[in-house]
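Heads up: the structure comes next, in structure tokens.
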Amino acid sequence: MTTATDKNWTRSLRKAGESAFPPERLLPDTQPSYVASWIYVFGALTMAALGVVTATGLVLAVMGPTWWHHSSTGHFINSMHLWSVELFFFAMVVHLWGKFFMAAWRGNRALTWITGVVSFVVSIGTAFTGYLSQTNFDSQWIATQAKDGINSTGGGAVFNVLNFGQMLMWHITLLPIGVGAIVVFHVLLVRRRGVVPPFELSGAKEEVAQ
Amino acid sequence: MTKSSRRFNIDRDVAPWTGATRPYDIAKEVAICFLVIGLLTVGLSVLFSSPDDPAVTLKQWAVSTPIDFATTAATELDGTGGTAGYGPPYNTAADGPMVLGISPAKIAGVHIPVDAAKDFVLSPVAALPENPVASQAIATYEAASVEQRQTWAANYDAAVTASTVTTAGGKVIVAPGDYGPVATIVDQLVAMAQSGALDTTMLTQQRFFSTDFTKPLLFISDGSFLANKAAIDHLQGDQWGMMNETGSWPGQAWLWLYTMWYQVPGLSTSDNADLQVFLIIIGLTLLLAFLPFIPGLRSIPRWTRVYKVIWKDHYRNM
Ligand code: HEM
């Protein structure tokens with residue numbers, strides 16, 4: 001009887017989900033007492049900035065890539081897109097250094113750290129293709145400069161920074177989907193593992209419990 | 001070794017937390033974050049707006065600096081131009097940057113074929129409608145031997161960069177010499193660009209719809225016009241340009257580490273800098289990603305003791 005139920009993939013999937021993410025772990029209303037510093041807010045601030053970046057980017061996408069050159073509303077939305085990106089990177093870098101100084105990879109959290117680094121790298125790629133998608137002098141200059149670096153790696157054979165259509169596609173579909181997926185994974189890992197405890201001041205050597 | 005028998009490493013492991021908890025409202029925190037970021041974004045946008053320098057055109061280039069334009073055209077013909085001598089992925093004129101004798105660009109090969117002489121100069125001039133002077137010059141050029149073309153183009157290149165070169169009514173005037181049809185071809189191209197026709201021709205050369213600006217961008221970046229404009233805006237590579245933005249807006253500040261290497265003596269003058277800097281950055285990124293596993297590096301947080309500030313309430317209450 002039990003073997004029969006275990007063969008149900010759907011049930012196994014649901015059980016795995018439930019045990020990894022019981023609702024009170026996914027959205028807890030308490031935290032360990034050490035979670036009390038402004039530095040913990042920077043992960044959420046990064047997420048919020050990413051939200052504003054996405055929302056303003058969606059508006060620019062609805063109206064098309066050259067709209068903002070001749071509409072004052074468009075220009076304002078573009079400004080919001082730029083400034084939310086600057087805030088996003090600022091918050092992310094503070095977050096990164098915060099997690100570094102807390103050594104927040106301890107206790108099985110290395111993958112959380114690695115997905116963080118990957119999200120940083122992919123975000124840089126997204127911002128870069130954004131600069132190429134501005135359809136102004138800045139994008140002309142950045143494209144002609146960046147081609148040498150990318151061509152030198154052999155990557156220029158497929159990733160042509162001088163091809164506006166290709167760069168726009170990367171900027172508004174492929175890379176944002178990538179950043180979004182990694183961030184979801186990153187935050188789920190944080191919820192799964194819980195927030196890393198402080199260093200023990202005694203520094204006593206113990207056996208790893210488990 | 002199994003997990004449970006592994007020695008406790010303070011930079012890798014933690015003992016499970018059995019201490020007190022306190023109420024925490026994640027949803028409220030996230031909502032407030034959205035509000036704060038939203039307000040900051042609107043505030044910064046109202047205060048500082050964002051830059052938008054219009055794109056430059058081949059027309060502007062040919063009108064404002066016809067000699068630079070003519071020189072660039074000549075270098076595409078004699079093979080000394082930036083694109084003409086680039087190598088992969090555009091052509092086989094060079095091997096691309098190398099490290100340890102390996103050129104990744106060469107291995108990847110030519111995938112975006114660009115024949116600088118033909119695509120930037122000869123084809124546009126040949127396409128000029130009802131222009132017997134232009135078609136005659138192109139016919140003469142194409143009938144000549146490769147050596148003959150090269151001699152004409154090199155002669156013209158030398159003349160257009162000589163101090164005697166002048167302009168009259170937008171036309172480039174070089175001292176008389178053995179240029180064959182090259183002077184005529186370049187004159188035609190200059191006039192075509194000044195009329196604005198070259199901008200559309202270079203794009204629609206390909207087909208009616210085009211979103212690919214590879215050719216006009218390569219051509220314009222082979223001249224000095226684009227770079228001179230960029231230098232005014234402190235955007236050149238040796239001006240930390242990668243992280244700057246037109247005007248005084250913040251640009252891609254997060255590229256500071258990447259662009260820093262281009263300022264380092266040795267790298268700043270290396271022919272292979274692009275590849276060398278890229279490899280350095282890949283190495284550093286891998287170090288950052290795998291930091292949790294690197295003894296020594298992963299102990300820095302403990303040694304620097306910044307954590308004592310972050311968790312000061314926790315330690316005070318212990
Ligand atoms: C798109 C960018 C990112 C977003 C949206 C993001 C979001 C978050 C959030 C919401 C948390 C939980 C709250 C907190 O502790 O701050 C978190 C935790 C964490 N983040 Fe990120 N993060 C990003 C990038 C990074 C980067 C670049 C790193 C480091 C290289 C990183 C490393 C970590 C680690 C190790 C934790 C676990 C902290 C712990 O257990 O105390 N994250 N992140």
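Taking A:GLN134, is it closer than 27 Å to B:HIS234 by Cα, touching a helix residue (DSSP H, G or I) at 6+ places or on another chain (Cβ under 7 Å) and either within 16 Å of the ligand (Cβ to nearest atom) or open to solvent by 20 Å² or more (accessible area, probe 1.4 Å) (or both)?
no
Kindly provide the set of residues from the stretch A:104-154 that are of a type in the set (D, E, K, R), closer than 29 Å to B:ALA273 by Cβ and facing chain B (nearest Cβ under 7 Å), ordered by number.
A:ASP138, A:ASP148, listed by residue number.
Here are some residues: B:VAL160, B:VAL133, B:VAL146. Which one is open to solvent by less than 60 Å² (accessible area, probe 1.4 Å) and hydrophobic (A, V, I, L, M, F, W, C)?
Exactly one residue qualifies, and that residue is B:VAL160.
Kindly indicate whether any position in the stretch A:168-181 is under 30 Å from B:THR18 (Cα atoms) and within 16 Å of the ligand (Cβ to nearest atom).
Scanning the stretch A:168-181, I find no residue that is under 30 Å from B:THR18 (Cα atoms) and within 16 Å of the ligand (Cβ to nearest atom), so the answer is no.
Given the options B:GLY82, B:GLY87, name the one that is closer than 27 Å to B:VAL172 by Cα and within 14 Å of chain A (Cβ to nearest Cβ).
B:GLY82
Can you name every residue in the stretch A:38-79 that is farther than 22 Å from A:SER119 by Cβ and facing another protein chain (nearest Cβ under 9 Å)?
Correct list: A:TRP68, A:HIS69, A:HIS75, A:PHE76, A:ILE77, A:ASN78, A:SER79.
Considering only residues that are open to solvent by 50 Å² or more (accessible area, probe 1.4 Å) and not in a loop (DSSP other than H, G, I, E, B), which ones fall in the stretch B:186-223?
B:ALA191, B:SER195, B:THR200, B:THR204
With respect to the numbered conditions (1) more than 9 Å from chain A (Cβ to nearest Cβ); (2) open to solvent by 60 Å² or more (accessible area, probe 1.4 Å); (3) within 16 Å of the ligand (Cβ to nearest atom); (4) within 23 Å of A:PRO198 (Cβ to Cβ), which one is the sole condition not fulfilled by B:PHE293?
Condition not satisfied by B:PHE293: (1).
Give the residue, chosen from B:LEU58, B:LEU39, B:LEU44, that is more than 9 Å from chain A (Cβ to nearest Cβ), closer than 22 Å to B:PRO250 by Cβ and modelled with pLDDT of 95 or more.
After applying the criteria, what remains is B:LEU39.
Sort out which residues of the stretch A:23-41 are open to solvent by 30 Å² or more (accessible area, probe 1.4 Å) and either of a type in the set (Ser, Thr, Tyr) or out of contact with any Cys (no Cβ under 9 Å at 6 or more places or on another chain) (or both), and write them in order of number.
A:PRO23, A:GLU24, A:ARG25, A:LEU26, A:LEU27, A:ASP29, A:THR30, A:SER33, A:ALA36, A:TRP38
Kindly check whether there is at least one residue in the stretch A:30-39 that is at pLDDT below 95, within 16 Å of A:VAL187 (Cα to Cα), in contact with a strand residue (DSSP E or B) (Cβ under 7 Å, 6 or more places away or on another chain) and not aromatic (Phe, Trp, Tyr).
yes
Is it the case that B:SER299 is under 14 Å from the mean Cα position of the chain (by Cα) and outside any loop (DSSP other than H, G, I, E, B)?
no
Report yes if B:GLY101 is surrounded by fewer than 16 Cβ atoms within 10 Å (Cβ to Cβ), in contact with a helix residue (DSSP H, G or I) (Cβ under 6 Å, 6 or more places away or on another chain) and at positive phi, otherwise no.
no
The values are calculated or read from the model by the stated rules, or taken from the named source; none is laboratory data. None of these values were measured; they are calculated from a predicted model. All Cβ positions, glycine included, derive from the backbone under ideal geometry; neighbour counts span all protein chains shown. Ligands, DNA and RNA are stripped out before the accessible areas are found, and what is left, the full protein with its side chains, is counted by its heavy atoms. Shrake-Rupley method; radii C 1.70, N 1.55, O 1.52, S 1.80 Å.
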